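The values are calculated or read from the model by the stated rules, or taken from the named source; none is laboratory data. Here the structure is a predicted model, which means the values were calculated and not measured. Methodologically, a virtual Cβ is constructed for each residue, glycine included, from the backbone with ideal geometry; neighbour enumeration extends over all protein chains shown. For the accessible areas, the whole protein counts, side chains as well, though only heavy atoms, and no ligand, DNA or RNA atoms are used. Shrake-Rupley method; radii C 1.70, N 1.55, O 1.52, S 1.80 Å.
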Amino acid sequence: MYRNFVLISLKVKQFPEIDNNDDDLTAMGITTQSAKTHRASVQAIAVASYNLGCFCGAIATIWLGDRLGRRRTIFAGSSIMVIGATIMASAFSLPQFVVGRIITGFGNGMSTSTIPTWQSECSKAHRRGQLVMVEGALITGGVCFSYWLDFAFYYLDPSSISWRFPIAFQIVFCLIILSLIFTMPESPRWLILKGKEDEAMDVLAALNGEEPESDYVMNEFKAIKDVVSEMSKGSFSDLFTMDENRNFHRAALAYVNQFFQQICGINLITYYASFIYQTYVGLSPFLARLIAACNGTEYFMASWIAVFVIEKYGRRKLMLFGSVGQTLSMIVLAVVNFLAAQNKATNGTNQGPGVAAVLFLFVFNTFFAVGWLGMTWLYPAEVVPLRIRAASNAASTSANWLFNFLIVMISPVMFASIGYQTYIVFACINAAIIPCVWLFYPETAYRSLEEMDSIFHKTTSIFDVVKVAREEPRRYGENGELLIHYDQTDAARRRSSAPRNALTKGQSYKEEHIEDIEKHSASE
């Protein structure tokens, strides 16, 4: 995923309203603290407008996600991004540029609300974590690419091509999505939800490399269909119910999970890296951009660690690992930035502590990449039931963008007002995340999406779900092998004793002949 992070470094000549560099402000005669804070606020609004658009796009997906389906929602989001990027790249005034960022963000909010759900619904339980973590790695690939593009086109400054081309280039990635999205399979769970059962069974067979009549495919189909039969009449209001499915409990876990990712302060670094290096570490503009690009590259490389360890160590351990490392990194950043400020005041240089500050910005990114980068695109899609999955993932993604917006908005103002103490605030926030994960977040590794329903059916409060998940037998092994047949589970026995609700008028051919298919599979 390509995202634009070159706003601050390349466009201040076209839009001087967002210039917040101390030397530039002094040259313009802006010396009062209130005037500098105002400039920081304008800069923050210009940057954060993108996240506000993403928030609105995610909210819209609550109602559009299940109506359009996974592929068409992604197609619509990518199309809107093309329009927004075109408006941004052709902007000659700050209001036009901000409008373009909001529109681009709206499209990206639709896509980011849908893609993790789509991936999770098309993945096997033992591979789901790795596949969604690859998405997280590709996000950092976009960050890395944008930093180096920023650095390369810096040499064309003061030509407006130096910032117009990097912004317009994201259209290329959108066009790739638009050209390929309908060659991909639709979510089998969404197809069953809409009564397209024959197509769903074909997709399940293709995804598992089996024949539609195989025992493995039939077992998965029946497990999904039983859940869908109960949950086919879901609505947005179901997010707030607390019956045996514990929808509100699960939606809250997903929402807070996304909240944690942003409130930890990652975009303090991602959006403002070169600005921090230049303004607060004292590097030259050239060196600040070069190190920011190196930071993005290291961030991309570190993100691949999670791809290989997510299934081995599980979700909880990685979240805890990331939060502990992020807390320690923020503490060190607060200390070294305090020393840098002291040294600059007394000796006129902050070189020694500045080097340490640069290093620990890299360290923070590493812990975040392993523990939290892809986690919040994976976990919310795993923990909620099908009935509210599209709405819940859209709502939780809106939290990601809402608090992304908040952090991007307040970061320049915090740096301008309280300096190094900004890092103390984020150290405390990261420390508070640790006990929350330990107490409230159940492990989802190697669990099918339907297994999570069984776990929450046995949960009686927010405090025992971790224990229930630990004790519940797994239906699938570490290599995807079937350990417990669905018909042997408590969920199947409970549902078989209840009246069955038809999804559609009449039955599909495969459902009508399901017993014949099972007998055929057994004889083989």
How much of the accessible area of region 240-370, probe 1.4 Å, is carbon plus sulfur, in whole percent? 73
If you roll a 1.4 Å probe over the heavy atoms of the protein chains, what accessible area per residue do you get for region 350-438, in Å²? 27
Two-site label geometry, Met184 and Ile434: point separation in nm, points 7 Å out along Cα→Cβ: 3.7
Before I look further, what does region 62-102 give for accessible area per residue, probe 1.4 Å, in whole square angstrom? 42
Separation between the Leu359 and Ala206 pseudo-spin-labels, each 7 Å from Cα along Cα→Cβ, expressed in nm? 5.2
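Residue separation times 0.36 nm, minus the C-alpha to C-alpha distance between Arg127 and Phe92: what's the value?
On the way: separation 35, 0.36 × 35 = 12.60 nm, distance 4.68 nm.
Length gained, Arg127 through Phe92: 7.9 nm.
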Would you mind calculating the gained length between Arg72 and Thr346 on full extension (0.36 nm times residue separation, minus the Cα-Cα distance), in nm to one decimal? 92.6 nm
A 1.4 Å probe over the protein heavy atoms gives region 401-485 a carbon and sulfur accessible-area percentage of 66
How much length, in nm to one decimal, is gained on full extension between Leu483 and Val324, taken as 0.36 nm per residue of separation minus their Cα-Cα distance? 53.7 nm
Report the label-to-label distance for Ile462 and Arg474 in nanometres (one decimal), using points 7 Å from each Cα along the Cα→Cβ vector. 2.9
Per residue, in Å², the accessible surface of region 168-250 once ligands and nucleic acids are set aside, probe 1.4 Å: 43
